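Asks: Starting off with a structure, shown below.
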Amino acid sequence: QEGSLCAQHCLNNLLQGEYFSPVELSSIAQQLDEEERMRMAEGGVSSEEYRTFLQQQPSVNMDDSGFFSIQVISNALKVWGLELILFNSPEYQRLGIDPINEKSFICNYKEHWFTVRKLGKQWFNLNSLLMGPELISDTYLALFLAQLQQEGYSIFVVKGDLPDCEADQLLQMIRVQQMQRPKLIGEEAAQSRDQRLPRSDMDQAIEVNHPFDGTGILDEDEENFQRALALSRQEIDMEDEEADLRRAIQLSMQGSRRSELSGSLPQNMPQPSHSSQTDSLSSEELRRRRQAYFEKQQQQLQQQDQTQNLQDKTTLNSSTPEPGAGGDMSEEDMLQAAMNMSLESVRNHLNSEEEK
């Protein structure tokens, strides 16, 4: 589409040929302007209405952008014996005609015009903003027109016999299928601009240092594979470390049990050299020796606590003035003597245990 000459493209798409040029449509618009000016002048060229018409509306049928009014399009079609009827007018609605039984429609929204026409036995959207014709199914035609009305389009039914065209004759014999909707011209141009945009110095440097030869994708896949393999190995190593740790704990526990058993035995008794000797001991004997070991450990802890308390008491007593030589024994001296006796009893008991 060139400029805003959508009305010209709309007419030529309807008639399927280069029948109208911008010059011809401009001539029709000027003729309509002159007719309107003459009607306004009938009220007097000096009237306020006439001067306002000339100043504010020099032309309502065309402008410098290439827009043409519905009056221009209607007059252009009269040359071919065609007539425009408003699709949603009460007169047309009373006829109750199914849109599928019509031949063509002209649609207008603001300054844009396009044609919807039946070629052969199929309907096509011949919008000049598209890269090519858009196929419209029979079942979708009514919905398509209703959608245009909701978007604010004015729809006109073209009444009359359209001139013969090669496309209509060809599509009378065959039916076409469209796999993909044609793109908008602006969309295609935007993609073309993106492809033509100059690349930055960084992109060019990357391409020079790493030219694309198809190996980049393979290198990335290889890198991902190596990363996954490393993670898998790490997980296996962690599992092996956990297994080793569990085995070490089990061995340590077994070693502690053996040390407990060996410690509970008398020192003058020979240590078993084979696990069968340990198995020969009865469970009651093992329990008794283990209990004796624990009791011995507990006595040693108690002895350490008593010794520590005794040392603390002795330090405290050394800082207290001693009583007179001729005086009676004080309560602290009596307590000290009792503790010494208890300590001596514990030593004797331990000595007897060691002799056994």
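The values are calculated or read from the model by the stated rules, or taken from the named source; none is laboratory data. These numbers were taken from a predicted model, which means no experiment stands behind them. Positions of Cβ are backbone-derived with ideal geometry, glycine not excepted, and every protein chain shown enters the neighbour counts. Side chains are part of the model used for accessible areas, which takes the heavy atoms of the whole protein and leaves out ligands, DNA and RNA. Shrake-Rupley method; radii C 1.70, N 1.55, O 1.52, S 1.80 Å.
Asks: Output the relative contact order of segment 40-102, whole-number percent, from Cα pairs under 8 angstrom with separation of 6+ residues. Walk me through the intermediate numbers first.
Replies: Values: 22 pairs, mean separation 8.0, N = 63.
Result for segment 40-102 is 13 percent.
Asks: If you take the charge dipole of segment 63-121 about its Cα centre, with +1 on Lys and Arg Cβ and -1 on Asp and Glu Cβ, which of Tyr92, Ser74, Asn108 is farthest toward its positive end?
Replies: Tyr92
Asks: Can you tell me the relative contact order of segment 6-188? Whole percent, Cα pairs under 8 Å, sequence separation 6 or more.
Replies: 24 percent
Asks: State the percent of C-alpha pairs, over all pairs in segment 6-188, separated by a distance greater than 22 angstrom. Display every interim value, and only then the final one.
Replies: Values: 8652 of 16653 pairs.
Within segment 6-188, distances greater than 22 Å cover 52 percent of Cα pairs.
Asks: Over segment 6-188, with every protein chain in place, what whole percent of the accessible area is carbon and sulfur at 1.4 Å, could you tell me? Working shown, then result.
Replies: Values: 5390 of 10510 Å².
Reported share for carbon and sulfur atoms: 51 percent.
Asks: Okay, next question. I'd like the Karplus ³J(HN,Hα) series for segment 135-140: coefficients 6.51, -1.76, 1.60, θ = phi - 60°, whole numbers in Hz, and an x wherever there's a Gly or Pro.
Replies: Running phi through 6.51 cos²θ - 1.76 cosθ + 1.60 with θ = phi - 60° gives 6, 10, 6, 4, 6, 8 Hz.
Asks: Taking the Cα centre of segment 6-188 as origin, work out the dipole magnitude from +1 charges on Lys and Arg Cβ and -1 charges on Asp and Glu Cβ, in debye rounded to 20.
Replies: Around 580 debye, computed over segment 6-188.
Asks: Mind listing which trypsin sites (Lys or Arg not before Pro) in segment 62-160 are in a DSSP loop and have 12 or fewer other Cβ atoms within 10 Å?
Replies: On the way: sites: Lys78, Arg94, Lys103, Lys110, Arg117, Lys118, Lys121, Lys159; in loops: Lys103, Lys110, Lys121.
Listed in order of number, the matching sites are Lys110, Lys121.
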